[in-house]
Amino acid sequence: MKKILILSAHPTDGKPLRLDKEVREIQAGLERAKSRDKFEIISRWAVRPEDLRRALLDYEPEIVHFSGHGTGNQGLVLENDAGEGQLVSTEALTRLFGLFKGKIECVLLNACYSEVQAEAIFLHIGCVVGMNQAIGDDAAREFAVGFYDALGADRSYEDAYEFGCTAIDLKSIPESATPVLKSRNQLVKEAQVSSAVTLENPEGQVPLGSAFYIERSPTETDCYEEMLKPGALIRIKAPRQMGKSSLMSRVLDYGSKQGYQTAYLNFQSADAEFLDSLDMFLQWFCASVTDSLGLPDKLGDFWKGVLGSKNKCSNYFQRYLLNQINSPLALGLDEVDEIFKHPIIATDFFGLLRAWHERAKNDAAWQKLRLVIVHSKEVYIPLNINQSPFNVGLPVELPELNQKQVQDLVQRHGLIWTNSQIEELIGLMGGHPYLVRVALYQIARGRMTWKELAQIAPTEAGPYSDHLRRHLLNLQEDEKLLAALKQVVTADKAVDVGTTQAFKLRSMGLVKFQGNEVMPLCSLYRKYFGDRLKL
């Protein structure tokens, strides 16, 4: 027979609680359970610190249930001799429960903000439940009753926790995410599931067919639908490592599945010699697309005469490339930020792309061209509003992952996390796809726990050192930008750093907007830059 020790503390100077009703309903539920003979309930009221210690010694329970008040980091509230509240620290509780390691099986802390104590007690006890925020009387009671109903039906502690959360949901109380479970069995199961998952190193593009690509609906659907339109132009903009190239590869793959010819061009592959003049650059551009399509190079046939470079380039596309193929051409242009560094080339080249898009409105030949342009920086080069491709077509700005998407990614790594753990992850990483994937990859490989990663992440010894150092070096090259980031990192709320600096920082992925003001994208950046810049 398992003993359930229910300890209640209701100080006279605290918020009124209906602890008697909670205990009565727990007892009633177990009395009607099919396995009621397997449990004995022992109740103690107005528990003082010495009562807690003595009850654990006297009754040697397998399950300890505490009902009362919690204060987060400060500890749990018991009573003193006068019936007033007396705090018991997390350290003291941890040390006490450590003396019963191997004897107590489960501890349920049905008190507000008790996750802190649950985490600490979990060092010694195999199953602990706490609350990650304040919890109402009704929700606390429904959770407890659902929990013990499941135990009375011979279900595991892990199942009982789920039944408790479900009991809250069934009453339409919006607090089912408040109870959190710490379980050794759950960790073992998590490790077993993780070992069965084929992990993928989170670097570069997410390959087609990867189990770790998370769709950010309706972004993909919008792009696929736009790709079907004659003369389509899709502009994908987001900071580095946010998934722009991964999205582009899927859009091009979708085009290929529609029977389109596809070509991909990364402007980082352009040699410096081709960036000295527009003529050389456009020749390189035409030759690169030709090579990507696997067609013979016929630049010599078109690059002669007195026509300007842009006309020669247009003729090459219209009279050769688009004429040579019978299907639409999906052309992906990646890392076009590289061209922003060369304003003279950029003005003419981007004006050319805009002209092709305009010609597609009436010219059947140009309707075969479907452009996908990817960049991360704001377009600060001077472009005539009627000659820019950055104010037409379908604009796509990739957002950070939301909580549901992060939860999906956690599960794909074979990890079983609570809502509070996922919220902690988002708090540190801000939903940034690369940062989140690196964290989950390290944890799923068993290289470190979440707590270890959270400690080391904002340091040069962590898995983000290259990522963080690259940002720091880029910032140090621009005094105004560095000053703006210092202002953002040291502020305790969103600040206005001016339009130009705000958009530059956003292009780097370091901040997020709140209206016209900005704040750090995540606490990882706040901690790292705060330390490295001695703020």
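The values are calculated or read from the model by the stated rules, or taken from the named source; none is laboratory data. Given the structure is predicted, the values throughout are model-derived calculations rather than measurements. Here the Cβ positions follow ideal geometry from the backbone for every residue, glycine too, while neighbour counts run over all protein chains shown. Side chains are part of the model used for accessible areas, which takes the heavy atoms of the whole protein and leaves out ligands, DNA and RNA. Shrake-Rupley method; radii C 1.70, N 1.55, O 1.52, S 1.80 Å.
What are the residue pairs meeting all of these: first residue in the stretch 491-509, first residue closer than 21 Å to Gly431 by Cβ, second residue modelled with pLDDT under 90, Cβ atoms under 6 Å, and 6 or more apart or on different chains?
Correct list of pairs: Phe503/Glu378; Ser507/Ser376; Ser507/Lys377; Ser507/Glu378.
For the stretch 321-334, how many residues are part of a helix (DSSP H, G or I) and open to solvent by 10 Å² or more (accessible area, probe 1.4 Å)?
Going through the stretch 321-334 one residue at a time, the tally reaches 2.
Only residues that are over 18 Å from Pro399 (Cβ atoms) and either hydrophobic (A, V, I, L, M, F, W, C) or at pLDDT below 95 (or both): list them for the stretch 226-246, please.
Met227, Leu228, Ala232, Leu233 - these are the residues of the stretch 226-246 that are over 18 Å from Pro399 (Cβ atoms) and either hydrophobic (A, V, I, L, M, F, W, C) or at pLDDT below 95 (or both).
Only one of Phe529, Phe513 is open to solvent by 70 Å² or more (accessible area, probe 1.4 Å) and within 22 Å of the chain's Cα centre (by Cα); which?
One residue alone meets the criteria, Phe513.
Say whether the condition of being within 23 Å of Val392 (Cα to Cα), out of contact with any Lys or Arg (no Cβ under 7 Å at 6 or more places or on another chain), in a loop (DSSP other than H, G, I, E, B) and open to solvent by 60 Å² or more (accessible area, probe 1.4 Å) is met by at least one residue in the stretch 256-264.
No, every residue in the stretch 256-264 fails to be within 23 Å of Val392 (Cα to Cα), out of contact with any Lys or Arg (no Cβ under 7 Å at 6 or more places or on another chain), in a loop (DSSP other than H, G, I, E, B) and open to solvent by 60 Å² or more (accessible area, probe 1.4 Å).
Looking at the stretch 395-425 only, could you name the residues that are open to solvent by less than 40 Å² (accessible area, probe 1.4 Å), in contact with a helix residue (DSSP H, G or I) (Cβ under 8 Å, 6 or more places away or on another chain) and either modelled with pLDDT of 90 or more or of a type in the set (A, V, I, L, M) (or both)? Walk me through it before giving the result.
As a first pass, look at the stretch 395-425 and keep what is open to solvent by less than 40 Å² (accessible area, probe 1.4 Å): 396, 398, 401, 405-406, 409-410, 413-415, 417-418, 420, 422, 425.
From what's left, in contact with a helix residue (DSSP H, G or I) (Cβ under 8 Å, 6 or more places away or on another chain): 396, 398, 401, 406, 409-410, 413-415, 417, 420, 422, 425.
If the condition is that a residue be open to solvent by less than 40 Å² (accessible area, probe 1.4 Å), in contact with a helix residue (DSSP H, G or I) (Cβ under 8 Å, 6 or more places away or on another chain) and either modelled with pLDDT of 90 or more or of a type in the set (A, V, I, L, M) (or both), then Val396, Leu398, Leu401, Val406, Leu409, Val410, His413, Leu415, Ile422, Leu425 are the ones that fit.
Of the conditions (1) in contact with a Ser or Thr (Cβ under 6 Å, 6 or more places away or on another chain); (2) not in a loop (DSSP other than H, G, I, E, B), Leu535 fails just one. Which one is it?
Leu535 satisfies every listed condition except (2).
Return the residues of the stretch 270-315 that are over 21 Å from Gly351 (Cα atoms) and either surrounded by fewer than 14 Cβ atoms within 10 Å (Cβ to Cβ) or of a type in the set (D, E, K, R) (or both); say none if nothing qualifies.
Asp271, Ala272, Glu273, Asp291, Gly294, Pro296, Asp297, Lys298, Gly300, Asp301, Lys304, Gly305
From the residues in the stretch 24-63 that are open to solvent by less than 60 Å² (accessible area, probe 1.4 Å) and without any contact (Cβ under 8 Å) to a residue 24 or more places away in the chain, which one is farthest from Arg155 (Cα to Cα)?
Selected residue: Glu50.
At least 3 residues that are under 22 Å from Ile41 (Cα atoms) and among the aliphatic types (A, V, I, L, M) in each: list the strands (runs of 3 or more DSSP E) lying fully within the stretch 106-190 that qualify. Talk me through it step by step, then tell me what you get.
On the way: elements: 106-111, 127-131, 179-183.
Once the strands (runs of 3 or more DSSP E) in the stretch 106-190 are filtered for at least 3 residues that are under 22 Å from Ile41 (Cα atoms) and among the aliphatic types (A, V, I, L, M), what remains is 106-111.
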